[in-house]
Amino acid sequence: MARSDKVAAVAELTNRFSSSAGVVLTEYRGLSVKALMQLRRSLGEDASYAVSKNTLTTIAAREAGLDAIEEQLIGPTAIAFINGDPVVVAKGLRDFARANPQLVIKGGVLDGKFMSPDDVRKLADLESREALLAKVAGALQGVLQQAISLVSAPLSQTARLFAALEQAAVENPSLLTSAPDEDPEPRREPTNEELAAQAAQPAASAAAEAGTAPAADPLAASAAEDN
């Protein structure tokens, strides 16, 4: 490869390292061209898969600040540049490696942090972003439905109460007006006879207890004569 070609290749690799969310390094020894094309298709838009020379990759990784991957740049190396969901990429590589043992996952870098082969496999065991978003959306929908039920129940009860009150007012309009206060019965002054009778009651009771007739009350007699 001419020097100018090497410089262009390093520049392209450096740009892809810098613009990607992460990378996964693999060894593809023994895989056919057809199998590699199948792997590229399985990764879809979430990653681009490219074979690269270790020497050029090392230079590009250093320029992009990814020195941690230098130890994995041994043997034939192909790089999955992650452009989408890292979990989907990890799952795709893991599943393909199960069906094609020739593919060996060496490690990688995600969000500037080094990933060992075990880290990549653990990443593959996680749920994808779409699955997590679906769960979150389902949970939010359930919470919103509960909130709507809590709010609408009292409102419906209040609406029924107002409807009943409105129906009662239609049937009996007097409920909407206060009844006038009735005038109390005027107080009547007792007559002289009533006063004399009230005065004679204690004497009569005492005479009855003693077995004798009560003496005439001059005030009562006088009051009776006046009337």
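Some points to look at:
- The trypsin sites (Lys or Arg not before Pro) of segment 1-52 that DSSP puts in a loop, and whose beta carbon has at most 12 other beta carbons within 10 Å, are 29.
- Each residue, residue 35 and residue 122, gets one label point 7 Å from its Cα in the Cβ direction; the gap between the two is 2.9 nm.
- Given 53/91; 6/91; 6/122, the pairs whose alpha carbons are separated by over 29 Å: 6/91; 6/122
- For residue 115, the residues whose modelled amide H falls within less than 5 Å of its own, excluding neighbours fewer than 5 places apart on the same chain, are 108, 109, 110.
- Vicinal HN-Hα couplings computed from phi for segment 108-116 (Karplus, 6.51 cos²θ - 1.76 cosθ + 1.60; Hz; Gly/Pro x): x, 9, 9, 6, x, 10, 5, 10, 7
Just so you know, all these numbers are worked out from the coordinates, no wet-lab data involved. The structure displayed is predicted, hence computed values, not measured ones. Glycine gets a Cβ as well: all are built from the backbone with ideal geometry, and neighbour counts include every protein chain shown.
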